[in-house]
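The values are calculated or read from the model by the stated rules, or taken from the named source; none is laboratory data. Since we're looking at a predicted model, the values are computed, not measured. A quick note on method: Cβ atoms are made from the backbone with ideal geometry, for glycine too, and the neighbour counts reach across all protein chains shown. Just the protein is used for accessible areas: all its heavy atoms, side chains included, with ligands, DNA and RNA removed. Shrake-Rupley method; radii C 1.70, N 1.55, O 1.52, S 1.80 Å.
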Amino acid sequence: MDIISKDVSKAVALLNADEIVAIPTETVYGLAGNIYSEKAIKAIFETKKRPFFNPLIVHIPSIDSLNSIVEYVPEKAQLLAEAFWPGPVTLVLKKKNTIPDLITAGKDTVAVRVPNHPITLELLNQLNFPLAAPSANPFSSISPTTAQHVETYFKDQIKMVLDGGACTSGIESTIIGFENDEPIIYRLGSTALEDIERIVGKIKIKNSVAEQSRSKKNIAPDAPGMLERHYAPKTKTILTENISKLLPIYKGKRIGLITFQNEIEDNSVEVQIALSKTGNLTESASNLYDVLHQLDKMHLDIIIAERMPDYGLGKSINDRLQRATADT
Ligand code: TXA
Ligand code: MG
């Protein structure tokens, strides 16, 4: 049975009946359920095989709903919500007691955002409850940016993928927490660091990959999207600054290459894809996961990815590539 459908009223009916539905957002597809339905939330964790210590993001239809989710909104959180919602910024704030512990993994904070996708905003407006929605992929694997990606992962486990086309931003939202009312980045993402700093000034990044490599693994991190190996293809994947130095080492292997902009002249490469021929980082971010999905299907021996420029969305893409290539 085809589970992909554009029928919003069908999604409404399923969600009202405590079922889970995959939904489009501007970043990646989410696996959504009623935040107040224990049955739906448990199904999200079970379907994804996600550990219960990893909390979910709550999706609301507009900034007006924020006060029903959180206890208190620091001034800079208000500024960020006004500047970026609807859009790919998630705020982690002190939760109201009415938010179930299952959503927040027992934390006293909750992650919340207003997604910027017309179909999902229409859906949220037709429901009497917000939607918890982690990315619609099995735990640690590549996030889905098309309805077909979700179908490939979960066709036997869920009843519906609400089709909203390919995600325009293509990597997850930027997550911002607050310590003593000051913002701090928990996860780099679709909203560039520089754009956030334009609103709230210089901001610290928590749990950077470098910092995490130094610390011991397997402790529940502040935002488990920060787990070292994440967003990972099944094919061995390497991130490099210098492709031409690396290629001779893998001579005779079936190599897939991901570059930023340029084409590399080398016969030993079986397939190569540039994320943006015009060198546009926004376009690169929107293509990243689809390219990883494509190459991962080809049964290559190795995927080699070129490091992006270290500014704007390049920083966020590098973060994802670094986690996709981390050793377990
Ligand atoms: O773009 C996105 O954010 C997508 C779309 C579907 O909205 N969602 C997404 O969800 O990326 P997920 O579950 O894959 O990542 C959510 C991240 C996790 O790393 C989780 O640890 C963090 O948000 N998170 C959720 N609640 C938190 C909290 N109370 N404190 C700190 N981190 C939290
Ligand atoms: Mg995820």
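Values computed for the structure shown
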{"item": "Estimated [θ] at 222 nm from DSSP helical runs (n ≥ 4, -39500 (n - 2.57)) normalised by residues in the chain, nearest 500", "result": "-8000 deg cm²/dmol"}
{"item": "Label-point separation in nm, residue 52 to residue 155, each point 7 Å along Cα→Cβ", "result": "3.3 nm"}
{"item": "Solvent-accessible heavy-atom area per residue, rounded to whole Å², over the range 237-324 at 1.4 Å", "result": "48 Å²"}
{"item": "Area of residue 241 that stays accessible when all protein chains are in place (1.4 Å probe, Å², to 10)", "result": "140 Å²"}
{"item": "Fraction of accessible area attributable to carbon and sulfur, the chain (%, probe 1.4 Å)", "result": "48 percent"}
{"item": "Relative contact order (percent, whole number), the chain, Cα cutoff 8 Å, 6+ residue spacing", "result": "19 percent"}
{"item": "Of 193, 124, 247, the one that fluctuates the most in a GNM where the chain has Cα springs shorter than 10 Å", "result": "247"}
{"item": "Candidates 152, 25, 90, ranked by Gaussian network fluctuation over the chain, Cα under 10 Å, top entry", "result": "152"}
{"item": "Nearby lysines by direct alpha-carbon distance to residue 234 (threshold 20 angstrom, same-chain neighbours under 8 apart not counted)", "result": "48, 49, 155, 253, 297"}
{"item": "Whole-Hz ³J(HN,Hα) from phi, Karplus 6.51 cos²θ - 1.76 cosθ + 1.60, for the range 94-102, glycine and proline x", "result": "4, 7, 6, 4, 6, 7, x, 4, 4"}
{"item": "Hz values of 3J(HN,Hα) by residue in the range 38-53 - Karplus curve (6.51, -1.76, 1.60), Gly and Pro given as x", "result": "4, 4, 5, 5, 4, 5, 4, 4, 5, 4, 7, 6, 8, x, 5, 6"}
{"item": "Span from the the range 107-163 Cα centroid across to the the range 1-59 one, whole angstrom", "result": "6 Å"}
{"item": "Distant-in-sequence amide H partners of residue 305 (H built 1.01 Å from N, under 5 Å)", "result": "238, 239, 240, 258"}
{"item": "Kirkwood hydrodynamic radius (C-alpha pairs) into Stokes-Einstein, the chain, 20 °C and 1.002 mPa s, D in µm²/s", "result": "106 µm²/s"}
{"item": "Scaled radius of gyration (Cα, divided by 2.2 N^0.38 Å) that the range 1-70 gives", "result": "1.17"}
{"item": "Cut-off under 5 Å, modelled amide H: who pairs with residue 70 long-range", "result": "96"}
{"item": "Surface accessible to a 1.4 Å probe, per residue, for the residues of the range 101-201, Å²", "result": "36 Å²"}
{"item": "Karplus-derived HN-Hα couplings along the range 198-204 (A = 6.51, B = -1.76, C = 1.60, θ = phi - 60°), whole Hz, x at Gly and Pro", "result": "5, 8, 10, x, 3, 9, 7"}
